[in-house]
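Colleague: I'd like to ask some things about the structure below.
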Amino acid sequence: DGGITQSPKYLFRKEGQNVTLSCEQNLNHDAMYWYRQDPGQGLRLIYYSQIVNDFQKGDIAEGYSVSREKKESFPLTVTSAQKNPTAFYLCASSWGGASYNEQFFGPGTRLTVL
Amino acid sequence: QKEVEQDPGPLSVPEGAIVSLNCTYSNSAFQYFMWYRQYSRKGPELLMYTYSSGNKEDGRFTAQVDKSSKYISLFIRDSQPSDSATYLCAMSPGGTSYGKLTFGQGTILTVHP
């Protein structure tokens, strides 16, 4: 089955800890994205990567870091510098060119800070 | 003021009704317009994708874009209980900003039998 997988589904973190969220896709998509969704709000872009070994900050990158060492993987680290990390995190991927806008989403990871 | 405004609802309609969902935006550079459907605790799925002004139809769904008014709509005909979800509009300028989507807040829709 082709698709995007995110793990874990639920994640609990103590204050001051870094945590890493996994995102894998087997769609052979060029680009990958990380979004954050808060209750009653739309999605906000954290980071995106159009090619391997390259990524760009989105609108709310502070307190987050990413890597893109493989085409199919784009892990997100939520660092202790992120002041309000409790949220629903969504990973997406797309083809390149004009298809960058046609993004396919994974099932999400719900992060809760205790 | 947010770049994209969407009435959060909630919107409740009887089965079979025609549903109209709307977004307004302020950035005249937006060229690409998307509608996503998100079921509770799931990732969004792409419903409609349009470029510039005009209409696009896909089954019971019709997307309209009016760039002169900076206004987009999604119409759902013969609504079904399975259409109950949050609907998100999204937009992009394209060009060097391909892939940088700006989302509305989402409208919660409930279709009751």
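The values are calculated or read from the model by the stated rules, or taken from the named source; none is laboratory data. What you are looking at is a predicted structure, and each value in this text was computed from that prediction instead of being measured. Counting neighbours? That spans all protein chains shown, and the Cβs are built from the backbone with ideal geometry, glycine included. Just so you know, the surface numbers come from the protein's heavy atoms only, side chains and all, with ligands and any DNA or RNA stripped out. Shrake-Rupley method; radii C 1.70, N 1.55, O 1.52, S 1.80 Å.
Colleague: For chain B, what % of the accessible area comes from carbon and sulfur atoms, probe 1.4 Å?
Modeller: Carbon with sulfur: 49 percent of the solvent-accessible area.
Colleague: A follow-up question, please. For region B:44-105, which trypsin sites (Lys or Arg not before Pro) are both in a DSSP coil and crowded by at most 13 other Cβ atoms within 10 Å?
Modeller: Of the trypsin sites (Lys or Arg not before Pro), the ones in loops of region B:44-105 whose Cβ has at most 13 other Cβ atoms within 10 Å are B:R77.
Colleague: In nm², what is the average projected area of the convex hull enclosing the Cα atoms of chain B?
Modeller: 6.8 nm²
Colleague: Give me the accessible area buried between chains A and B, both sides summed, with a 1.4 Å probe, in Å² rounded to the nearest 100.
Modeller: Values: alone 6290 and 6120 Å², together 10610 Å².
Approximately 1800 Å², summed over both chains.
Colleague: Let me ask something additional. Using DSSP to call loops (not H, G, I, E or B), can you name the trypsin sites (Lys or Arg not before Pro) in region A:1-102 whose Cβ has at most 12 other Cβ atoms within 10 angstrom?
Modeller: A:K9, A:K14, A:K83
Colleague: Separate question: Convex hull volume of the Cα atoms in the protein assembly as shown, per residue, in Å³?
Modeller: So the per-residue hull volume is 127 Å³.
Colleague: Given an 8 Å cut-off on Cα distances and at least 6 residues of separation, report the relative contact order of region B:67-113 as a percent.
Modeller: The value is 43 percent.
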